[in-house]
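Read the structure below first, then the notes.
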Amino acid sequence: MDIKETCKYKSEYKLISERPYLKGELLVDNNMGFVDDNIIKSSTNSSICNAANRGRVAIFIDGSNLFYAALQLNIEIDYTKLLCYLTKGAQLLRAFFYTGVDRSNDKQQGFLLWMRRNGYRVVTKDLVQLPDGSKKANLDVEIAVDMMNLAPHYNTAVLVSGDGDLAYAVNAVSYQGVRVEVVSLRSMTSESLINVADCFVDLDSIKQEIQKTSHSGFNYR
């Protein structure tokens, strides 16, 4: 996939290498292995998390986590913009999107078909109904296994999730020399996950970069 072509299909999208970094982005640089509110700062660097050379990037998106984060922010995600943003200054290896599915939901099936045809490798699991009547599908194992198996083939992992259950997998790939960037809504992100990441990007600080400008197209649910 040529990500540069994807990112310029509309006039407002420039080539990734030419796009200025979003001023005022909130991030935590965690190269020292700890997190403190005092090190949350703004950056004007040309790539996310102050990384001059991110190399080959693999993206792992927890679809349900991102959906609820978008609800909190009162925005709809533009997944083309999101892909362009997350691959700034890098070569894309794979972009995975993990989600539970309701096979009878035609709207969701249409959305997932669009995702498959627009740069994402979609990984699904059937929703399971819980005793309280709600439905859920946990794809933490799938995310962790893919992160581990592909680690020799990428330099930077971008994890779009705030789930603390993924902290062990993040720590494991870090020991293989991989840089890990966590992107999530701060209020929905586990401290344990931030502690083992190389940097953290708050979705609230980049929502202008990744939200839809209209309500056209497919929605997640």
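Run down Val196, Val183, Val173 and say which single residue is under 21 Å from Ile77 (Cβ atoms) and not charged (D, E, K, R).
Working: Val196 fails: under 21 Å from Ile77 (Cβ atoms); Val173 fails: under 21 Å from Ile77 (Cβ atoms).
From the options Val196, Val183, Val173, the qualifying one is Val183.
I'm trying to understand the selection: among the residues of segment 181-192, which are crowded, with 23+ Cβ neighbours inside 10 Å and of a type in the set (A, V, I, L, M, F, W, C)?
Val182, Val183
Name, by its number, the condition in (1) crowded, with 20+ Cβ neighbours inside 10 Å; (2) closer than 20 Å to Asp204 by Cα; (3) at pLDDT below 95 that does not hold for Arg54.
Only one criterion in (1) crowded, with 20+ Cβ neighbours inside 10 Å; (2) closer than 20 Å to Asp204 by Cα; (3) at pLDDT below 95 is unmet by Arg54, namely (2).
Would you mind stating whether Tyr220 is farther than 30 Å from Leu113 by Cβ, surrounded by fewer than 22 Cβ atoms within 10 Å (Cβ to Cβ) and either at pLDDT 95 or above or not basic (Lys, Arg) (or both)?
Working: farther than 30 Å from Leu113 by Cβ: no; surrounded by fewer than 22 Cβ atoms within 10 Å (Cβ to Cβ): yes; either at pLDDT 95 or above or not basic (Lys, Arg) (or both): yes.
No, not satisfied.
Filtering segment 84-106 down to residues that are under 26 Å from Lys136 (Cβ atoms) and surrounded by 21 or more Cβ atoms within 10 Å (Cβ to Cβ), which residue is farthest from the chain's Cα centre (by Cα)?
The first filter runs over segment 84-106 and keeps only residues under 26 Å from Lys136 (Cβ atoms), leaving 86, 94-106.
Cutting the leftovers down to surrounded by 21 or more Cβ atoms within 10 Å (Cβ to Cβ) gives us 86, 95-99.
Working: Leu86: 7, Ala95: 9, Phe96: 9, Phe97: 9, Tyr98: 11, Thr99: 13 Å.
Looking at residues that are under 26 Å from Lys136 (Cβ atoms) and surrounded by 21 or more Cβ atoms within 10 Å (Cβ to Cβ), I get Thr99.
With respect to Lys212, is the statement that it is surrounded by fewer than 23 Cβ atoms within 10 Å (Cβ to Cβ), at pLDDT below 95, among the charged types (D, E, K, R) and farther than 18 Å from Asn65 by Cβ true?
Working: surrounded by fewer than 23 Cβ atoms within 10 Å (Cβ to Cβ): yes; at pLDDT below 95: yes; among the charged types (D, E, K, R): yes; farther than 18 Å from Asn65 by Cβ: yes.
Spelling it out, Lys212 is indeed surrounded by fewer than 23 Cβ atoms within 10 Å (Cβ to Cβ), at pLDDT below 95, among the charged types (D, E, K, R) and farther than 18 Å from Asn65 by Cβ.
Out of (1) under 30 Å from Tyr175 (Cβ atoms); (2) surrounded by 17 or more Cβ atoms within 10 Å (Cβ to Cβ); (3) under 17 Å from the mean Cα position of the chain (by Cα), what's the single condition that is false for Met115?
Condition (1) is where Met115 drops out.
Can you confirm whether Ile48 is closer than 17 Å to Asp202 by Cα and modelled with pLDDT of 95 or more?
Numbers: closer than 17 Å to Asp202 by Cα: yes; modelled with pLDDT of 95 or more: no.
The answer is no for Ile48.
So Glu142 ticks every box in (1) among the charged types (D, E, K, R); (2) farther than 23 Å from Asn53 by Cβ; (3) surrounded by 15 or more Cβ atoms within 10 Å (Cβ to Cβ); (4) touching a helix residue (DSSP H, G or I) at 6+ places or on another chain (Cβ under 9 Å) but one. Which box is left unticked?
(4)
Check segment 195-207 and report whether any residue there is loosely packed, with under 14 Cβ neighbours inside 10 Å, among the polar types (S, T, N, Q) and at pLDDT below 95.
If we filter segment 195-207 for residues that are loosely packed, with under 14 Cβ neighbours inside 10 Å, which is where we start, we get none.
The answer is no; no qualifying residue exists.
Only one of (1) of a type in the set (A, V, I, L, M); (2) modelled with pLDDT of 90 or more; (3) surrounded by 16 or more Cβ atoms within 10 Å (Cβ to Cβ) is not met by Leu71, so which one is it?
That leaves (3) as the condition not met.
So, in segment 98-127, how many residues would count as being free of Cβ contacts under 8 Å to residues at least 24 places away in the same chain, of a type outside the set (Gly, Ala, Ser) and not in a helix (DSSP H, G or I)? Steps first, please.
First pass over segment 98-127, keeping only residues free of Cβ contacts under 8 Å to residues at least 24 places away in the same chain: 103-104, 106, 109, 112-113, 116-117.
Next, from what is left, pick out any that are of a type outside the set (Gly, Ala, Ser): 103, 106, 109, 112-113, 116-117.
Within this subset, residues satisfying the condition of being not in a helix (DSSP H, G or I) are 103, 117.
Here the count works out to 2.
Looking only at segment 47-96, filter to residues that are among the hydroxyl-bearing types (Ser, Thr, Tyr) and in a loop (DSSP other than H, G, I, E, B); which one of those is farthest from Ser161 (Cα to Cα)? If you could, list the steps in order and put the result at the bottom.
As a first pass, look at segment 47-96 and keep what is among the hydroxyl-bearing types (Ser, Thr, Tyr): 47, 64, 68, 79-80, 85, 87.
Now narrow it down to the ones that are in a loop (DSSP other than H, G, I, E, B): 47, 87.
Numbers: Ser47: 20, Thr87: 16 Å.
Restricting to residues being among the hydroxyl-bearing types (Ser, Thr, Tyr) and in a loop (DSSP other than H, G, I, E, B), the top hit is Ser47.
Keeping to segment 164-177, report how many residues are buried (at least 21 other Cβ atoms within 10 Å of the Cβ) and either at pLDDT below 95 or farther than 28 Å from Asp102 by Cβ (or both). Show your work before the answer.
Of all residues in segment 164-177, those buried (at least 21 other Cβ atoms within 10 Å of the Cβ) come to 166, 169-170, 173.
Retained after the next criterion (residues that are either at pLDDT below 95 or farther than 28 Å from Asp102 by Cβ (or both)): 170, 173.
Number satisfying all stated conditions: 2.
Of everything in segment 71-81 that's over 14 Å from Ser205 (Cβ atoms) and in contact (Cβ under 8 Å) with a residue 60 or more places away in the chain, which residue is farthest from the chain's Cα centre (by Cα)?
Here is the first cut: in segment 71-81, the ones over 14 Å from Ser205 (Cβ atoms) are 71, 74, 76-81.
Within this subset, residues satisfying the condition of being in contact (Cβ under 8 Å) with a residue 60 or more places away in the chain are 76-78, 80-81.
Values: Glu76: 14, Ile77: 11, Asp78: 12, Thr80: 12, Lys81: 12 Å.
The selected residue is Glu76.
The values are calculated or read from the model by the stated rules, or taken from the named source; none is laboratory data. Just so it is clear, the structure is predicted and the values come from calculations on it, not from any experiment. Positions of Cβ are generated from backbone atoms using ideal geometry, with glycine treated the same way; all protein chains shown enter the neighbour counts.
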